[in-house]
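Take a look at the structure set out below.
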Amino acid sequence: MKRQALLLLAIVLLGLNLRPALAAIGPLLDRIQRDTGLDHVAASLLTSVPVVIMGLGALACGPLRRRLGDNGGILLGVLLIALASLLRGLLPAASTLLVSAVLAGAGIAFVQALLPGLIKSRFAADSGRLIGFYSCAIMAGAAFGAAFTPWLAQSLGWAWALAGWTLPALLAAAVWRRAAPSAGASAVASAPPLVTWRWPRAWLLMSFFGIGTAGYTLVLAWLPPYYTALGWSAQASGLLLAALTLCEVVAGLLLSSLLPRFPDRRPLLAAVLLSLLAGLIGLQLAPETLVVPVALLLGVGIGGLFPLSLVVAQDHLDDPRQTGDLLAFVQGGGYLIAACAPLLAGLLRHYSTDLSLSWQLMALATLVLMVMAVRFSPPRQQRLLDALTD
């Protein structure tokens, strides 16, 4: 029981370290651009590049698992996150920031691709809810990154404020080394590997996750600059992102606790997608007047959609190994899709100095998600599972 509790703690700590490397950039972006000479398009790469690497790394997790195992791959991932954060303090230049973005993206990818399958194998009876809680830890890490980094930057400077996230990553690595299950305990079932690219449903799940996560990356990268352009300070815009992310965490925790009551996930998906759509509309119409409801609506929408996308994917399969293969494919391709959102927003801002069109495009994408979500009915999933395993 004690080792099980330590493993749960390690999972939470790992989740908390998967977003500060991205979320800490937005509130400081204007200052980083002034000091490094990055233009809007290059600055957008600080978020887009890690997300691209997150996608590519997830797709490559099969060879990583075979070479290092789940435990070793996860440990390598969190150590890469620590190294990326440290480099930002030691060498605060534009080129170093881009290199650190690659390292952070790879580290995040390894942890995200390998950990859900391990959760499925170790906590099979309650894996959906635990994956939901793990997703909440990820969003909580984003809240901490957005809230604390601007305040640290006031006394340490932006470079060492970013480097401060080295310590939590090292703590997570140390706890994981003690808590990681033995190879025998974490071994998954002997079902054959899933050939995901030949399964149409896997592509649908990947697209759904990618478009939904595009909303998350768009808000993460460009909401603080959007409000600093309206006259807000870096600290205030960082606190806004942190408050929004706190709403994401609360929504994710509430949704995760409700999962056992909703074997059909579509009512929950409808609620969070409507919330996301309403928040995006408010962000365009009256961003300052409606800032509180906008933060609440976006937080509920994004905070619910992220864990639900993973839970809906893992609902399709029972075998932990095949679930890991599916989630790696869904996250790998999905993050490649999501990486386009901040980059596109950077291009639009470069040529129009306005982000309104970005929010409008994301609102249209949310309508597409609503249409896609209709297909995730439990009977349909069971028929697909039966056809896949026959």
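The values are calculated or read from the model by the stated rules, or taken from the named source; none is laboratory data. All figures in this text were calculated on a predicted structure; none of them were measured in a lab. Here the Cβ positions follow ideal geometry from the backbone for every residue, glycine too, while neighbour counts run over all protein chains shown. To get the accessible areas, we keep the full protein, side chains included, count just its heavy atoms, and leave off ligands, DNA and RNA. Shrake-Rupley method; radii C 1.70, N 1.55, O 1.52, S 1.80 Å.
Over the chain, what percent of the accessible surface lies on carbon and sulfur atoms, probe 1.4 Å? Intermediate results must be reported in sequence, preceding the final value.
Values: 10230 of 14900 Å².
After summing per-atom areas, the C and S share lands at 69 percent.
Based on the mean of other beta carbon atoms within 10 Å per residue, what is the order of 255-265, 162-172, 324-334, 18-28, most packed first?
On the way: 255-265: 15.3, 162-172: 21.8, 324-334: 26.3, 18-28: 27.9.
Result, highest mean first: 18-28, 324-334, 162-172, 255-265.
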- Query: For the pair VAL102 and ASP318, how long in nm is the line joining their label points, each one 7 Å along Cα→Cβ?
  - Reply: 4.4
- Query: In degrees from 0 to 90, rounded to the nearest 10, what is the angle of the helix 166-179 Cα long axis to the longest principal axis of the chain?
  - Reply: 10
- Task: Whenever you get a sec, line up HIS316, HIS350 from highest to lowest accessible area (probe 1.4 Å, protein heavy atoms).
- Result: HIS350, HIS316
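Which value at 222 nm does the chain reach when only helices count, each DSSP H run of 4 or more adding -39,500 (n - 2.57), with the total divided by all residues and rounded to the nearest 500 deg cm²/dmol?
Values: 17 runs with 321 residues, N = 390.
Using -39500 (n - 2.57) per qualifying helix, the result is -28000 deg cm²/dmol.
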- Message: On a full-extension model of 0.36 nm per residue, what is the gain between LYS2 and LEU347, subtracting their alpha-carbon distance, rounded to one decimal in nm?
- Response: 119.1 nm
- Message: How far apart, in nanometres, would the label points at ASP354 and ALA286 be if each is projected 7 angstrom from Cα along the Cα-to-Cβ direction?
- Response: 1.9
- Query: Taking only Cα atoms, what is the 0 to 90° angle, nearest 10, from helix 200-228's long axis to the longest principal axis of the chain?
  - Reply: 20
- In nm, what is the difference between 0.36 nm times the number of residues separating GLN154 and ARG66 and their Cα-Cα distance? 27.2 nm
- Item | Nearest-0.05 FRET efficiency for SER95 and LEU367, computed from C-beta distance (R0 35 Å) | 0.30
- Message: For a protection proxy built on the mean count of beta-carbon atoms within 10 angstrom, sort 302-313, 269-280 highest first, please.
- Response: 302-313, 269-280
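Over the chain, what is the mean sequence separation of C-alpha contacts under 8 Å (at least six apart), divided by residue count, expressed as relative contact order in percent? Intermediate results must be reported in sequence, preceding the final value.
Values: 665 pairs, mean separation 105.6, N = 390.
Once divided by the residue count of the chain, the mean separation gives 27 percent.
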- Item | 0 to 90° range, to nearest 10: angle between helix 40-59 axis and the chain longest Cα axis | 10
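Rank TRP151, TRP359 by accessible area, highest first, at a 1.4 Å probe radius? Can you show the working numbers first?
Values: TRP151 120, TRP359 0 Å².
Order by accessible area, largest first: TRP151, TRP359.
On a 1.4 Å probe surface of the protein chains, which of CYS136, CYS247 comes out largest in accessible area, and what is the full order?
Values: CYS136 5, CYS247 30 Å².
Ranking CYS136, CYS247 by accessible area, largest first, yields CYS247, CYS136.
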- Over the heavy atoms of TRP158, what accessible area does a 1.4 Å probe trace out, to the nearest 10 Å²? 20
